[in-house]
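In what follows, a single structure is set out as structure tokens and then discussed.
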Amino acid sequence: MPHATAARPTARSRSAAAAPGETTPGETAPQEGPTDQVSDFIIATAAAQALRAAPGVVDISPGVFALVATYGSGKRIAGIVVHHLTPDQIALEAHVVLSEAYCHEMLTAAATESGERERGTEGKGVLGDIADRLREAVYGGLRGTTSLPLARVDVYIDDLR
């Protein structure tokens, strides 16, 4: 996970001060970009809370083949990864465990409606519909958390219980 560091300003006399917008040797220029950024850990925590509250989600999965997580100061949020596509745009990877009963209910509801219209939306089927609902839950859960635009939410259904 990339970390931004800023150099601590050094004390110097007024005569050695640089003109506005210039830097002196040994000093770094301020980083440009959003000034109200929040940590990846806070973003991952908000996404995990939104997913846990979504219908059909039994738990957040730590990943199938390897641990996927976002790390903070001595803590981690398993199952949620924050990717920085550009300095001012993020994407999330969310791994979930769904209720098998909920999936069956959604399948039954889709089969009932299939006599009147095509099954699923845009040819995705039931799991695609559930993933879309989980994406919307994450977008809603992150509203007000960060000013960075969320490019996408990749939902991985790792298991059914």
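The values are calculated or read from the model by the stated rules, or taken from the named source; none is laboratory data. All figures in this text were calculated on a predicted structure; none of them were measured in a lab. All Cβ positions, even for glycine, are placed from backbone atoms using ideal geometry, and neighbour counts span all protein chains on display.
Tabulated data for the structure shown
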item: Output for segment 58-106, where each listed residue is in a loop (DSSP other than H, G, I, E, B) and touching an Asp or Glu at 6+ places or on another chain (Cβ under 6 Å); result: 61, 64
item: Enumeration of residues in segment 142-160 that are modelled with pLDDT of 95 or more, out of contact with any Gly (no Cβ under 9 Å at 6 or more places or on another chain) and not hydrophobic (A, V, I, L, M, F, W, C); result: 152, 154, 159
item: Residue tally, condition among the hydrophobic types (A, V, I, L, M, F, W, C), touching a residue at least 12 places away in the same chain (Cβ under 8 Å) and closer than 25 Å to residue 63 by Cβ, over segment 85-111; result: 10
item: Sole residue being at pLDDT 95 or above and not charged (D, E, K, R), chosen from 120, 56; result: 56
